[in-house]
């Protein structure tokens, strides 16, 4: 879905991700979002409510995040798929890692052992972001920690990184 950024604020009021809206192309790839209807359908399918900042992200970049370096997988279709959930559950089982709170993995490197997430019970429209990673050799050691950033701060930092990489000519 191509977004008409000129009317974006009419469709969805942006409270947190104005910088992402203002940087719709970083490097060689433009961001591409999903519709509000798709976001609602996904929430209904999964029985969860996404925080506002994440819904803004999905609306702006939920189909393709361009060169934001949000790990390898961050598109809504993949993250909401049964296949992805099975991979995530398998990794957590293999590393004997459990979470005592509901969470949403919003970016993943399954196969490269890790994902970024936020807790769904935080009751924040712009939740703190966390990471999970593990070493792929036995014995498996998993690490769960905080980025120390809200979701919008993490996205802004990824934009800054992408722009720096572009400016420095690494692409």
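Quick notes
- Residue list for segment 51-79, restricted to those being without any contact (Cβ under 8 Å) to a residue 60 or more places away in the chain, buried (at least 19 other Cβ atoms within 10 Å of the Cβ) and touching a helix residue (DSSP H, G or I) at 6+ places or on another chain (Cβ under 6 Å): 55, 58, 60, 62, 76
- Considering residues of segment 100-123 that are touching a strand residue (DSSP E or B) at 6+ places or on another chain (Cβ under 8 Å) and assigned to a loop (DSSP other than H, G, I, E, B) only, the residue farthest from residue 55 (Cα to Cα): 113
- Scope segment 125-147; condition in contact with a strand residue (DSSP E or B) (Cβ under 8 Å, 6 or more places away or on another chain), surrounded by fewer than 19 Cβ atoms within 10 Å (Cβ to Cβ) and either modelled with pLDDT of 95 or more or in a strand (DSSP E or B) (or both); matching residues: 128, 131, 133, 134, 142, 143, 144, 145, 146, 147
- Failed item in (1) outside any strand (DSSP E or B); (2) farther than 21 Å from residue 67 by Cα; (3) in contact with a strand residue (DSSP E or B) (Cβ under 8 Å, 6 or more places away or on another chain); (4) in contact (Cβ under 8 Å) with a residue 24 or more places away in the chain, with residue 166 passing the rest: (2)
- Search result, residues across segment 89-106 that are out of contact with any helix residue (DSSP H, G or I) (no Cβ under 8 Å at 6 or more places or on another chain), buried (at least 17 other Cβ atoms within 10 Å of the Cβ) and within 18 Å of residue 42 (Cα to Cα): 103
The values are calculated or read from the model by the stated rules, or taken from the named source; none is laboratory data. Remember, predicted model here, so these are calculated numbers, not experimental data. All Cβ positions, glycine included, derive from the backbone under ideal geometry; neighbour counts span all protein chains shown.
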